[in-house]
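Only one structure is covered here, and it is reproduced in the block below.
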């Protein structure tokens, strides 16, 4: 059953939630500023290569799952084509790069022992990639069954898969590592 929280637990929870939201928003807007105002300078070429590599991985993993689910499609040039004529191109914007950086920087800057971060951050990055593949599969299935809902599902519904996974990772970190360390 629910237990009553002590004052210091409420304060700690408030601080944790505030840090999570604050760091996530700072990373979000800093990334957008860096992308839109500076085109990822001084790392433009490197970021382009990483985003391309990630989009290729996302395409292959998404196509694998869609095939595993038994859907008939043709894939070429990072694009999945359905027999209906609907298609989805998985480009660098679909790579999950921003979300991977959000996971990296959130847990890098969030309080906790470096020893735990050395394994938790790579796991978080891997899970953010899995979240991206889940998102892309969801977008594709929406496109397959309800093409008129594609844009809305892409822009609003499935975008939150990332933030939900990131939030679950944060809860895990908060409960298992940060709060234990502060006691």
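Just a few scattered comments:
- Order by protection proxy (mean Cβ within 10 Å, highest first), peptides 93-101, 122-130: 93-101, 122-130
- Chain lengthening between residue 108 and residue 72 when straightened (0.36 nm per residue, less Cα-Cα): 8.8 nm
- Per-residue Cβ neighbour rank within 10 angstrom, fewest leading, 134, 157: 157, 134
- Relative to the longest principal axis of the Cα atoms of the chain, the long axis of helix 160-173 makes an angle of roughly 30 degrees.
- Cα long-axis angle, helix 44-68 against the chain (0 to 90 degrees, to the nearest 10): 70 degrees
- Among 55-67, 103-115, the order from most to least packed when residues are scored by Cβ within 10 Å on average: 55-67, 103-115
- The chain: relative contact order as a whole-number percent, Cα under 8 Å and 6+ apart: 21 percent
- Once you reduce the range 117-183 and the range 1-46 to the center of their Cα atoms, the two points are 15 Å from each other.
- Degrees between helix 97-109 axis and first principal axis of the chain (Cα, 0 to 90, nearest 10): 10 degrees
- Modelled label positions at residue 157 and residue 35, each set 7 Å beyond Cα in the direction of Cβ, lie 2.2 nm from each other.
- From largest to smallest, the equivalent ellipsoid semi-axes obtained for the chain from the alpha-carbon gyration tensor read 34, 20, 15 Å.
- Label-to-label distance for residue 116 and residue 81 is 5.0 nm, based on points extended 7 Å past Cα in the beta-carbon direction.
- Using alpha carbons only: equivalent-ellipsoid semi-axes of the range 84-124, gyration tensor based, whole Å: 33, 9, 6
Values quoted throughout were computed directly from the atomic coordinates according to the rules given, and no laboratory measurement underlies them. Please read these numbers as outputs of a predicted model, since none were measured by experiment. Don't worry about glycine lacking a Cβ; one is built from the backbone with ideal geometry, like all the others, and counts go over all protein chains shown.
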